[in-house]
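Q: Handing you a structure now.
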């Protein structure tokens, strides 16, 4: 049954190739824009604070890794919820577009700061932790937005539509949890001693 749901889910996503390509290009464009416009003082300071937070609260935090996992999962789940709200009406699709654009823009700016401000250490963190996890999470959010676009023009607020939305939301949440578990494993392997899991 689980395998059927997963096949149906991924079939629904990849059958909407134009929407998937459009949203992927949106993410790519705002990623580039984020890296290009980070040179202004206020924008640079904003992205520097995000990078500092990632280093102090995730990579080199004294907090146990399981708590970091819960915090990161909760943050991604909130973004997922905001994107899925777009399923209710075409006007609500502005929300997933805004979430994807903002997330890609900040990612682009942070990549610039990691390389420019932190140098070799920043590059290592980008390639072994920040970028792989970010890209995996972004892929899930793009999948969610693709399904939101597919539903928004025909959502009827009936039990069947809500059940379909709930099913897809649970699958997406499962994927988010898997990505955050992957991040937790990387943290344990590279940054945190094993004892910090509890």
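Q: How do the pairs read when you match residues in the range 147-167 that are closer than 22 Å to residue 18 by Cβ with residues anywhere that are exposed (fewer than 10 other Cβ atoms within 10 Å of the Cβ), using Cβ under 9 Å and keeping only pairs 6 or more apart or on different chains?
A: Pairs that qualify, where the first residue is closer than 22 Å to residue 18 by Cβ and the partner is exposed (fewer than 10 other Cβ atoms within 10 Å of the Cβ), are 152/91.
Q: Within the range 1-31, restricting attention to residues that are surrounded by fewer than 16 Cβ atoms within 10 Å (Cβ to Cβ) and within 12 Å of residue 101 (Cβ to Cβ), which residue is nearest to the chain's Cα centre (by Cα)?
A: 28
Q: Now a separate question. Output the number of the condition that residue 111 fails; it satisfies all remaining conditions of (1) closer than 21 Å to residue 34 by Cα; (2) within 13 Å of the chain's Cα centre (by Cα).
A: The one condition residue 111 does not meet is (2).
Q: Moving on to the next point. For the range 49-69, enumerate the residues that are surrounded by 13 or more Cβ atoms within 10 Å (Cβ to Cβ) and closer than 17 Å to residue 134 by Cα.
A: 50, 51, 52, 54, 55, 57, 58, 59, 68, 69
Q: While we're on this one: Kindly establish whether residue 30 is assigned to a helix (DSSP H, G or I) and modelled with pLDDT of 90 or more.
A: Yes; evaluated as a whole, the condition is true for this residue.
Q: OK, next. Given the condition assigned to a helix (DSSP H, G or I), under 18 Å from the mean Cα position of the chain (by Cα) and farther than 17 Å from residue 117 by Cβ, answer yes or no: does some residue in the range 34-50 qualify?
A: Checked against the condition, which is being assigned to a helix (DSSP H, G or I), under 18 Å from the mean Cα position of the chain (by Cα) and farther than 17 Å from residue 117 by Cβ, the range 34-50 yields no hits at all.
The values are calculated or read from the model by the stated rules, or taken from the named source; none is laboratory data. Keep in mind it's a predicted model, so treat the numbers as computed, not measured. For neighbour counting, all protein chains shown are included, and Cβ atoms are generated from backbone atoms with ideal geometry for every residue, glycine included.
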